[in-house]
Amino acid sequence: MLYIMRHGKTEWNERHKLQGRTDIPLNEDGRIMAKNAGKEYSDVHFDVCYCSPLIRAKETAEIVLESRNVPIVTDERLLEMSFGIYEGIENSFQLPNCPINVLFMQPEKYITPVKDGESFEALYKRTEEFIENVIKPQLEQGKDILIVGHAAVNSSIVCQIRNIPIEKFWSAGMDNCKLMRLL
């Protein structure tokens with residue numbers, strides 16, 4: 001089985017700031033969410049957990065799995081999508097014509113920010129490589145796998161596995177600390 005989960009809440013989530021690869025820790029609500037998720041999903045078996053190296057994902061994985069003997073392996077390919085110069089922007093939807101809003105409203109028309117941004121093509125390439133080289137071989141061995149990541153990186157995995165077109169990129173709806181079974 002393959003499961004996926006988004007990290008717990010951060011202060012930036014609550015302030016509607018775009019995080020991307022900015023390494024923001026969980027806030028107290030996020031830690032409580034992760035602890036509750038650990039209890040809620042305690043009967044779901046995992047052989048291994050892969051997570052983003054960003055602290056909010058890693059801390060979520062550690063809290064969710066704290067009383068279990070499940071190895072947690074970080075992988076750079078699970079880093080959140082880079083939003084470049086737009087990381088840290090607050091309430092972008094309140095800014096008329098803010099270019100980053102296209103990412104959320106019309107992902108098929110998204111143009112990567114010039115400075116340090118990541119394209120959907122690059123995001124899909126690295127997550128596809130992770131799925132093909134890490135996940136699929138272990139699923140073939142009958143392993144139960146948990147991925148703890150972020151909204152965009154998780155959506156890219158869901159879209160690829162379920163063959164969802166880019167126009168519906170956000171349709172999976174990745175709520176914080178909710179477990180989704182993919183395969």
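The values are calculated or read from the model by the stated rules, or taken from the named source; none is laboratory data. Keep in mind the model is a prediction, meaning the values are calculated, not measured. Using ideal geometry, Cβ is built from the backbone for each residue, glycine included, and neighbour counts are taken over all protein chains shown.
Quick notes on this structure:
- Any hit, the stretch 130-148, residues being without any contact (Cβ under 8 Å) to a residue 60 or more places away in the chain, of a type in the set (Gly, Ala, Ser), surrounded by fewer than 13 Cβ atoms within 10 Å (Cβ to Cβ) and assigned to a helix (DSSP H, G or I): no
- Candidates are the residues of the stretch 48-59 that are part of a helix (DSSP H, G or I) and out of contact with any Lys or Arg (no Cβ under 8 Å at 6 or more places or on another chain); the one that is surrounded by the fewest Cβ atoms within 10 Å (Cβ to Cβ) is ILE55.
- The residue that is nearest to the chain's Cα centre (by Cα), among those in the stretch 141-156 that are closer than 9 Å to ILE4 by Cα and either modelled with pLDDT under 95 or of a type in the set (A, V, I, L, M) (or both), is VAL148.
- Residue that is more than 27 Å from LEU179 (Cβ to Cβ) and not hydroxyl-bearing (Ser, Thr, Tyr), where the choices are GLU128, GLU121: GLU121
- Cβ-Cβ distances below 9 Å connect the following pairs, each with a first residue in the stretch 109-128 that is under 17 Å from GLN160 (Cβ atoms) and among the hydrophobic types (A, V, I, L, M, F, W, C), a second residue that is at pLDDT 95 or above and exposed (fewer than 13 other Cβ atoms within 10 Å of the Cβ), and a separation of six or more residues or different chains: PHE120/GLU108.
- Restricting attention to the stretch 90-108, the residues that are outside any loop (DSSP other than H, G, I, E, B) and more than 17 Å from SER155 (Cα to Cα) add up to 4.
- Just one of the listed residues (ASP29, ASP43, ASP47) is of a type in the set (D, E, K, R) and in contact (Cβ under 8 Å) with a residue 24 or more places away in the chain, namely ASP47.
- Output for the stretch 149-173, where each listed residue is surrounded by fewer than 20 Cβ atoms within 10 Å (Cβ to Cβ) and within 23 Å of LYS39 (Cβ to Cβ): GLY173
- Restricting the stretch 67-119 to residues that are among the small types (Gly, Ala, Ser) and over 30 Å from ASN36 (Cα atoms), the residue that is surrounded by the fewest Cβ atoms within 10 Å (Cβ to Cβ): SER119
- Residue identified as in contact with a Phe, Trp or Tyr (Cβ under 7 Å, 6 or more places away or on another chain), among the aliphatic types (A, V, I, L, M) and surrounded by 15 or more Cβ atoms within 10 Å (Cβ to Cβ) among ILE4, ILE24: ILE24
- Yes/no for MET174 being assigned to a loop (DSSP other than H, G, I, E, B), within 16 Å of the chain's Cα centre (by Cα) and not acidic (Asp, Glu): yes
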